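Coordinate-derived values only; no laboratory data. Note that the structure is a prediction, hence the values are computed from the model and not measured. A quick note on method: Cβ atoms are made from the backbone with ideal geometry, for glycine too, and the neighbour counts reach across all protein chains shown.
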Amino acid sequence: MSFEPTVEISRWALTRLERGHLWVYSSDVKRVESASPGDVVKVVDGRGWFVGRAFYSAESQITLRMLTREDEPVDESFFARRLDFALDMRRRLFGESALALRLVHGEGDLLPGLIVDRYGDVLSVQTLIQATDRRKDLFFDLLEARLSPRAVVVRNDAKVRSHEGLVLESGVARGKPPGTSSIVEGNVTLHVDPVGGQKTGGFLDQRENHLAAGALVGKGERCLDVFSYSGGFALQMARAGGRVTAVEISEKAVGEAEKAAADNELELDLVVANAFDWLKAASVDGHRFDVIVLDPPAFARSKAALPNALRGYKEINLRALQLLSAGGWLVTCSCSYHMSEEQLLELVLSAAQDAGRKVQLVERRGAGRDHPALLGVPETSYLKCLVLRRVD
Ligand code: SAH
């Protein structure tokens with residue numbers, strides 16, 4: 001190639017890349033030569049030596065996201081290979097017929113700024129950075145050629161896009177408006193709305209944890225799903241024979257849970273309430289549950305928000321432990337990237353002490369296997385899910 005937009009990075013940025021990270025922050029950029037927003041650029045060090053090729057963003061604090069350290073062209077066939085590699089992993093783990101899966105997990109699949117979720121024969125796509133946004137049509141073409149979806153929906157209403165100077169929008173990119181998609185989780189059928197649902201339509205990262213929670217439940221046991229959205233955990237626990245109460249603040253989500261319960265001929269006790277108030281009242285009233293799931297939204301959206309968030313997590317975990325019967329199970333989740341698994345464990349211990357309970361850690365889980373974390377990029381792993389049991 002005769003001419004190529006080029007970005008020179010600092011020594012420190014190079015060290016970070018060598019440790020496995022893919023990002024270079026704007027403060028580590030020394031020189032930008034003729035790069036336009038969303039370009040693929042050549043990355044060089046202070047001596048001008050080739051470091052790799054990366055997506056360039058003119059707006060974000062994250063100026064570069066590395067694509068390769070090889071001196072290879074980044075073209076259509078490059079992206080096709082990356083996509084095929086990601087699809088191959090899902091095929092091996094979940095088979096051809098898996099209906100609800102994350103097919104591309106951004107940096108975790110070495111496709112920075114691109115998310116592709118499959119809900120039945122509908123694909124829900126996020127192009128979160130300038131470079132993937134500019135190449136939308138290429139990604140849609142590659143996806144259509146491989147998967148022949150009925151529709152491709154874009155869910156570019158994710159707030160992170162504003163850091164890139166991109167507008168927030170969602171809609172149907174290919175095919176007709178798809179309505180809802182039916183997906184199967186274990187022995188439960190769910191209806192997902194890729195255009196109108198939260199995130200890309202649902203919480204795929206919790207799919208395997210829904211099943212794991214269901215497996216804990218014995219017939220007739222009292223179960224509680226707090227922050228239940230459309231009932232992902234609640235329905236699995238009901239299918240296992242549990243008597244399930246689900247608490248959720250969004251009436252729309254509760255409506256969807258109600259419909260899903262009816263379609264699956266399951267009974268749920270659905271409560272529209274603020275979980276904090278509900279948990280407090282239930283513990284004052286002396287209610288008891290055998291299996292409790294806590295799956296709150298990210299309370300800590302930034303580092304600065306962490307101290308307050310930790311108080312929130314502590315409060316709900318304390319209440320849950322007070323409500324837990326002897327020998328009962330607590331599945332407690334946090335999707336705050338800024339909070340570590342160690343911090344979650346620490347606050348559960350502190351809540352257990354306050355509640356006068358002893359608790360054993362049975363399993364540490366995270367997002368499903370279709371959300372692979374890239375070692376060296378901690379941002380690709382955010383979901384913690386601990387399976388605990390009350391032992392006294
Ligand atoms: N457990 C769900 C996902 C939960 S996402 C699943 O596996 O599919 C978090 C949910 O918490 C959202 O549906 C949101 O509407 C709800 N929520 C947020 N704040 C709440 C509050 N204070 N009380 C109850 N629900 C709340």
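Per-structure values
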item: Additional length obtainable on full extension of the chain from residue 160 to residue 84, 0.36 nm per residue less Cα span; result: 24.7 nm
item: Spatially close lysines, pair count over the chain: Cα under 15 Å, gap of eight or more or interchain; result: 5
item: Charge dipole (the chain, unit charges on Cβ, about Cα centre) - positive-most of 145, 128, 44; result: 44
item: The chain: antiparallel DSSP beta bridges as a percent of all, rounded to 5; result: 65
item: For region 76-179, size of Cβ-based charge dipole, Lys and Arg +1, Asp and Glu -1, in debye; result: 140
item: About the Cα centre, charge dipole magnitude for region 156-273 (Lys/Arg +1, Asp/Glu -1 at Cβ), debye; result: 200
item: Bridge type composition, region 6-68 - antiparallel percent by DSSP, nearest 5; result: 85
item: Per-residue [θ]222 nm for the chain (sum of -39500 (n - 2.57) over DSSP H runs n ≥ 4, rounded to 500); result: -9000 deg cm²/dmol
item: Residues of region 349-373 with amide N under 15 Å of the 7 Å Cα→Cβ point at residue 392; result: 349-361
item: Full-extension gain in nm, residue 47 to residue 341, via 0.36 nm per residue minus C-alpha separation; result: 101.8 nm
item: Backbone HN-Hα couplings from phi across region 353-367 [Karplus 6.51/-1.76/1.60, Hz, Gly and Pro as x]; result: 5, 4, 7, x, 10, 10, 9, 10, 8, 9, 7, 9, 10, x, 5
item: Contour excess over end-to-end distance, with Cα ends at residue 280 and residue 25 and 0.36 nm allotted per residue; result: 87.5 nm
item: Span from the region 146-206 Cα centroid across to the region 1-34 one, whole angstrom; result: 33
item: Top positive-direction residue, dipole computed over region 344-392 with Cβ charges, set 360, 380, 349; result: 360
item: Restricting region 262-318 to GluC sites (Glu not before Pro) in coil, as DSSP defines it, with at most 13 other Cβ within 10 Å; result: 265, 267
item: Amide H partners (placed H, <5 Å) of residue 30, local residues excluded; result: 8, 9, 10
item: For 154, 184, 284, order by how many other beta-carbon atoms lie within 10 Å, fewest first; result: 284, 184, 154
item: FRET efficiency, residue 10 to residue 92 (Cβ-Cβ, R0 51 Å, nearest 0.05); result: 0.85
item: For residue 54, residues with placed amide H under 5 Å, excluding near neighbours; result: 41, 43, 67
item: Loop-resident sites, region 64-114, for GluC sites (Glu not before Pro), counting at most 16 other Cβ within 10 Å (DSSP); result: 70, 96
item: Cα-centred dipole magnitude for the chain, charges only on beta-carbon of K, R (+1) and D, E (-1), debye, nearest 20; result: 660
